[in-house]
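Written below as structure tokens is the structure these notes are about.
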Amino acid sequence: MPLNQDEKKEVLADTGFISEKIKQRPINRKKLLRRTVITFFLAIVFGIVACFTFLFLQPVFSDKLYPEAEPEPISFPEEEVQDELTPEEMFADEFQIAEVEAQYLEANQKDQIDAAIASYSFSASDYSKMMYSLKGVAQSVGTSIVTVTAVSNDTNWFSESFESSGSASGVIIANNGTNYFIVVPSSAISEAESIKVTFVDGSMANAELKLTDDVTGLSVISVNRSDLTENTRNKVTTSFLGSSNNGTMTGLPVIAVGSPIGIQGSISYGIITSEKTTLNLEDSCYKLLTTDIYGSNLGSGVLANLNGQVIGIIDMSYNTEDLENHICAIGITELKTLFEDLSNGRARAYMGIHGTTIPADILEQQNIPAGAYITKTELGSPAMQAGIQSGDIITAIDGVEVSSYEQFISKLAQCSPDDIITVAVKRQAPNDYIELDIEVTLSSATHN
């Protein structure tokens, strides 16, 4: 029997009578199962919360840790204006002298050249080659042409929901690496609940409206490039915007691409018949290009030159009654700044005036001040509310002198809606012109 002893080996107490038996606690299976279920449920809840938290916060952390570069704003290169030759440039160099001599020899051999041309007999194959060449240019332009379809949900008489849609041709004017920017007539998408774009290979994607210009009736929509396959992106091109203001376009051949006859994918050939007509639109000096191409009064698309450059946006609403089916277009040169603003989401200011530039000889003969001559103010426009009248001549805007209507429009394009500008006006009085400073609160010419 064991005994408890101290260090001197003395017996302290007899503990033999103490005995202990550890009894195992019974397992409560219901309680254990309940705790297991609760733990499993809480784990699921935690996992779901963690998942959603990651999904919501991951883009934030990604943007912070790996910020993407902001896309460059859309811009188009300014058209170069040829300067007059300086006196030094008027002296011919050796190459110019050689060129003159070659022209002289060519002139002396003109009869021989004419005879050689006259002896050549053109065949149907020559004409076929020429038309195939034109078709190749049209197909090249066509890779930047899209079909824009406006889709809206309606209900018929039997309360059955159905989709109605209208379409028009649009043109890709820019690509900033993230989005394609497309110009399309606003009338084609005005009632749209959603916008779909069909590209050259038949693939489709949804588009968003950037801005609509109320003056020209043109809109810019955008399509995310990531919504298209790589194969489609390789086939799609951005149009090259040429010039409609070189002064020598009348009589030159052009190609109408898009839907000039009202059918998507149609092509027509012709020549430009006029280019100098200024559209009577407020706050603008857009030029109208007319052609001898017979098309549909619902036609849309672009006019392109034989280099494949877009020189006009087809708009049939400006035709005269006797030529209502001849294709006409708004010249691309004056539209470029508008496209920049609409693509970048920059609202344009609206003043509501029509005007012109008085020729210099008339200014001198009749002693009229130089400036923007106002021919009309739109009813209810900011200009009319400020008191500007037809016959007024605007000579400055915010202290900056303007000597023509074009200069005034260029300066106005730099303003924004709700800006308060001061225009210097000269108004004719019985004996002379009186000077007035008029404040105008601009409104917006665009909406989305």
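The values are calculated or read from the model by the stated rules, or taken from the named source; none is laboratory data. This is a predicted model, so every value here is computed, not measured. Using ideal geometry, Cβ is built from the backbone for each residue, glycine included, and neighbour counts are taken over all protein chains shown.
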Number of positions in the stretch 398-448 that are closer than 17 Å to A372 by Cα, surrounded by 15 or more Cβ atoms within 10 Å (Cβ to Cβ) and of a type in the set (S, T, Y): 4
Members of the stretch 252-295 found to be charged (D, E, K, R) and in contact (Cβ under 8 Å) with a residue 60 or more places away in the chain, listed by number: E282, D283
Selection status of S259, more than 28 Å from T149 (Cα to Cα) and either surrounded by 14 or more Cβ atoms within 10 Å (Cβ to Cβ) or aliphatic (A, V, I, L, M) (or both): no
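Matching residues to (1) touching a strand residue (DSSP E or B) at 6+ places or on another chain (Cβ under 9 Å); (2) among the hydrophobic types (A, V, I, L, M, F, W, C):
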position: T232; (1), (2): yes, no
position: K235; (1), (2): no, no
position: V254; (1), (2): yes, yes
position: Q264; (1), (2): yes, no
position: E275; (1), (2): yes, no
position: T278; (1), (2): yes, no
position: Y294; (1), (2): yes, no
position: N297; (1), (2): no, no
Matching entry among D292, D283, D341 (being in a strand (DSSP E or B) and of a type outside the set (V, I, T)): D292
Residue match in the stretch 316-332 (condition: without any contact (Cβ under 8 Å) to a residue 40 or more places away in the chain, under 30 Å from S443 (Cα atoms) and either hydrophobic (A, V, I, L, M, F, W, C) or part of a helix (DSSP H, G or I) (or both)): yes
Filtered residues of the stretch 259-280 (kept if of a type in the set (A, V, I, L, M, F, W, C) and assigned to a loop (DSSP other than H, G, I, E, B)): I261, I263, L279
Failed condition for N307, given (1) farther than 19 Å from T248 by Cβ; (2) in contact (Cβ under 8 Å) with a residue 40 or more places away in the chain; (3) touching a Gly at 6+ places or on another chain (Cβ under 8 Å); (4) in a loop (DSSP other than H, G, I, E, B): (1)
Residue ID - modelled with the lowest pLDDT, chosen from residues in the stretch 166-180 that are part of a strand (DSSP E or B), over 16 Å from I330 (Cβ atoms) and touching a helix residue (DSSP H, G or I) at 6+ places or on another chain (Cβ under 8 Å): G166
Single residue of L335, L342 found to be under 16 Å from E406 (Cα atoms) and either free of Cβ contacts under 8 Å to residues at least 12 places away in the same chain or buried (at least 23 other Cβ atoms within 10 Å of the Cβ) (or both): L335
Of residues in the stretch 139-152 being closer than 23 Å to E191 by Cβ and either part of a helix (DSSP H, G or I) or among the polar types (S, T, N, Q) (or both), the one modelled with the lowest pLDDT: S152
Test: residue in the stretch 125-138 that is over 26 Å from G299 (Cβ atoms), in a loop (DSSP other than H, G, I, E, B) and either modelled with pLDDT of 95 or more or outside the structural domain of A304 (by TED's automatic domain parsing) (or both): no
